[in-house]
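Worksheet for the structure shown next.
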Amino acid sequence: MTDSSTRSSRKPPDRLRRRWLRGLLAAGLVAGLGTGAGPAQAAEAEIRNIVLQPSDDQYILNADVVAELTPLLADVVGRGVSLYFITEFELTAPRWYWLDEEIITRSLTYRLSYQSLTRQYRLTTGALHQNFTSLEEAMRTMLRIRNWGIADKGALKIGRSYNAALRFRLDVGELPKPLQVSALGRKDWNLASDWYRWTFMPPTRDSK
């Protein structure tokens, strides 16, 4: 009974989303959505409080992202369009004789959506998901990166210096095609941080 009710509950939101997008196209509003009386608001994000440290068997990363959705993006997700956000991590080792050596690349993707039947926001990563009663709660959870496994301990050499980089961004490429066109060149359709870069050296085994 649960499976059949789940399948039937997905159809109305999908029809509503398609109807909304068709309406925007018919009215010629997709390319200019958000170009009302007020100026476009620039969406910004900032990486803070980064800690990369060893645990029992791997290196884990904790960080905070300071960001909020523009009114336009909040309206889009509230109408049933899912937004995808990516946190990207890179670790390289400098080489004096050639380009830096790429050691590790990791990405963490979140899907933020609104469930109209339950009036809840859903945050999905991989096979896991959480429901929230407000957009603010969902954003707060997504922007607190905790215990993200970056690399096995054996992947990094003690005493070697590495260049680490982290950024957070909205994946505009996952928007419906009409909205991707609207997002081109418009800051209020985008949410991204600059790359936060720092030097990391694995601590010795007797370091606390």
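The values are calculated or read from the model by the stated rules, or taken from the named source; none is laboratory data. The structure presented is a predicted model; accordingly, all values stated were derived computationally and were not measured. Neighbour counts run over all protein chains shown; Cβ positions are idealised from the backbone, glycine included. Note: areas computed on protein heavy atoms with side chains; ligands, DNA, RNA excluded. Shrake-Rupley method; radii C 1.70, N 1.55, O 1.52, S 1.80 Å.
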Checklist line | Only listed residue being farther than 16 Å from residue 70 by Cβ, open to solvent by 30 Å² or more (accessible area, probe 1.4 Å) and in contact with a strand residue (DSSP E or B) (Cβ under 8 Å, 6 or more places away or on another chain), chosen from 190, 163 | finding: 163
Item checked: Answer residue from the stretch 56-102, given it is under 17 Å from the mean Cα position of the chain (by Cα) and among the hydroxyl-bearing types (Ser, Thr, Tyr) and is modelled with the lowest pLDDT among those -> 70
Check: Just to be sure, is residue 106 under 12 Å from residue 85 (Cβ atoms), open to solvent by 50 Å² or more (accessible area, probe 1.4 Å), modelled with pLDDT of 95 or more and touching a Ser or Thr at 6+ places or on another chain (Cβ under 9 Å)?
Finding: no
Item checked: the stretch 136-157 - residue that is surrounded by fewer than 12 Cβ atoms within 10 Å (Cβ to Cβ) and more than 17 Å from the chain's Cα centre (by Cα) and, of those, nearest to residue 57 (Cα to Cα) -> 152
Item checked: Subset of the stretch 75-107 that is in a strand (DSSP E or B) and without any contact (Cβ under 8 Å) to a residue 24 or more places away in the chain - its residue that is nearest to residue 122 (Cα to Cα) -> 107
Check: residue 133: more than 17 Å from the chain's Cα centre (by Cα), surrounded by fewer than 17 Cβ atoms within 10 Å (Cβ to Cβ) and polar (S, T, N, Q), yes or no?
Finding: yes
Next item on the list: Return the total of residues in the stretch 109-128 being more than 21 Å from residue 90 (Cα to Cα) and surrounded by 12 or more Cβ atoms within 10 Å (Cβ to Cβ).
Entry: 11
Note to self: Name the residue that is farthest from residue 120 (Cα to Cα), counting only residues in the stretch 52-65 that are touching a Leu at 6+ places or on another chain (Cβ under 7 Å) and of a type in the set (A, V, I, L, M, F, W, C).
What the structure shows: 52
Next item on the list: Just give me the residues in the stretch 44-55 being outside any loop (DSSP other than H, G, I, E, B) and out of contact with any strand residue (DSSP E or B) (no Cβ under 7 Å at 6 or more places or on another chain), in sequence order.
Entry: 54
Next item on the list: Please work out which residue is most open to solvent (accessible area, probe 1.4 Å), limiting yourself to the stretch 56-74 and to residues that are assigned to a strand (DSSP E or B) and aliphatic (A, V, I, L, M).
Entry: 66
